[in-house]
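Step one of this worksheet: look at the structure below.
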């Protein structure tokens, strides 16, 4: 078993703050540019479990403390032979997140550069907002590695194949405007306002029916994994989700609210 190291960050390696029905998770190793060690993986993975199971939370936002979103894996920890996985949860993957499916929407608020594993965290989120001064990138090949925490899997599913190959084979950075043009991020925020912009997007999502939002996210990912929109399994899953959502109290409330010209009051059932 690899040796584990307790982080020297004052306070937890990632924090969770509730803002109404939105949970903001902040990677909190600014002295190490939020590089991922075992403590950060455990803290982020635990925060995702809170988002997943807390019925009061509808959307999660992930951001970083200090001048970086995440500089990737903590190479000092790896060089010392120490594990950077969350203790007891290898199934969560890198940073406690990249294999950790949560059916509530997750938004990356990229406050500074997100390189290597930082970009892989962004790719694992459903939506992304990036500071205009920030950048993404998968530089692993420059260090004799490759982006094995989802980068080489997810990037070509989110942008054109040749562009993805250029990114993973050259290791060059992608600035905020280029990331927006490619569809890697949903919005570019003015410098210093990325969290504010991400929360605006989160509030729009959180205002919608939570049952419907979760079902829609599950179906999008299931359909993408299946690979064809003609596969019977895709439609079977679609019909099962439709039966549950369309027959819910929230579906009835949505119709009533529309007729009565008022905002709906969702009950998540």
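The values are calculated or read from the model by the stated rules, or taken from the named source; none is laboratory data. The shown structure was predicted, so the numbers you read here are calculated from the model rather than taken from an experiment. Cβ atoms come from the backbone with ideal geometry, glycine included; neighbour counts cover every protein chain shown.
From 147, 191, grab the single residue that is surrounded by fewer than 18 Cβ atoms within 10 Å (Cβ to Cβ), modelled with pLDDT of 95 or more, more than 16 Å from the chain's Cα centre (by Cα) and not in a helix (DSSP H, G or I).
One residue alone meets the criteria, 191.
Within the range 88-98, does at least one residue satisfy the condition of being within 15 Å of residue 63 (Cβ to Cβ) and either in the same structural domain as residue 173 (by TED's automatic domain parsing) or surrounded by fewer than 20 Cβ atoms within 10 Å (Cβ to Cβ) (or both)? Full working, then the answer.
First, pick out the residues of the range 88-98 that are within 15 Å of residue 63 (Cβ to Cβ): 95, 97.
The next check asks that each one be either in the same structural domain as residue 173 (by TED's automatic domain parsing) or surrounded by fewer than 20 Cβ atoms within 10 Å (Cβ to Cβ) (or both); those that pass are 95, 97.
Checking the range 88-98: at least one residue is within 15 Å of residue 63 (Cβ to Cβ) and either in the same structural domain as residue 173 (by TED's automatic domain parsing) or surrounded by fewer than 20 Cβ atoms within 10 Å (Cβ to Cβ) (or both).
Quick one: what pairs do we get from the range 214-226, first residue within 15 Å of residue 245 (Cα to Cα), second outside any helix (DSSP H, G or I) and modelled with pLDDT of 95 or more, C-beta under 8 Å, 6+ apart or different chains?
That search, which allows pairs on different chains as well, returns 214/103; 214/104; 217/103; 217/104; 217/105; 217/126; 218/103.
Look through 193, 187 and report the one residue that is over 16 Å from residue 124 (Cα atoms), touching a strand residue (DSSP E or B) at 6+ places or on another chain (Cβ under 7 Å) and touching a residue at least 12 places away in the same chain (Cβ under 8 Å). Working first, answer last.
Details: 193 fails: touching a strand residue (DSSP E or B) at 6+ places or on another chain (Cβ under 7 Å).
Going through 193, 187 in turn, just one is over 16 Å from residue 124 (Cα atoms), touching a strand residue (DSSP E or B) at 6+ places or on another chain (Cβ under 7 Å) and touching a residue at least 12 places away in the same chain (Cβ under 8 Å): 187.
Has the range 232-247 got any residue that is assigned to a loop (DSSP other than H, G, I, E, B) and in contact (Cβ under 8 Å) with a residue 40 or more places away in the chain?
Checking the range 232-247: not a single residue is assigned to a loop (DSSP other than H, G, I, E, B) and in contact (Cβ under 8 Å) with a residue 40 or more places away in the chain.
Is it fair to say residue 214 is surrounded by 16 or more Cβ atoms within 10 Å (Cβ to Cβ), closer than 28 Å to residue 155 by Cβ, in contact with a helix residue (DSSP H, G or I) (Cβ under 7 Å, 6 or more places away or on another chain) and not assigned by TED's automatic domain parsing to the domain that holds residue 127?
No; evaluated as a whole, the condition is false for this residue.
Could you tell me whether the range 157-164 includes any residue that is surrounded by fewer than 22 Cβ atoms within 10 Å (Cβ to Cβ), under 30 Å from residue 20 (Cβ atoms), at pLDDT 95 or above and under 19 Å from the mean Cα position of the chain (by Cα)?
The answer is yes, given that some residue of the range 157-164 is surrounded by fewer than 22 Cβ atoms within 10 Å (Cβ to Cβ), under 30 Å from residue 20 (Cβ atoms), at pLDDT 95 or above and under 19 Å from the mean Cα position of the chain (by Cα).
So, in the range 173-188, how many residues would count as being surrounded by fewer than 14 Cβ atoms within 10 Å (Cβ to Cβ) and in contact with a helix residue (DSSP H, G or I) (Cβ under 8 Å, 6 or more places away or on another chain)?
Looking only at that region, the number is 1.
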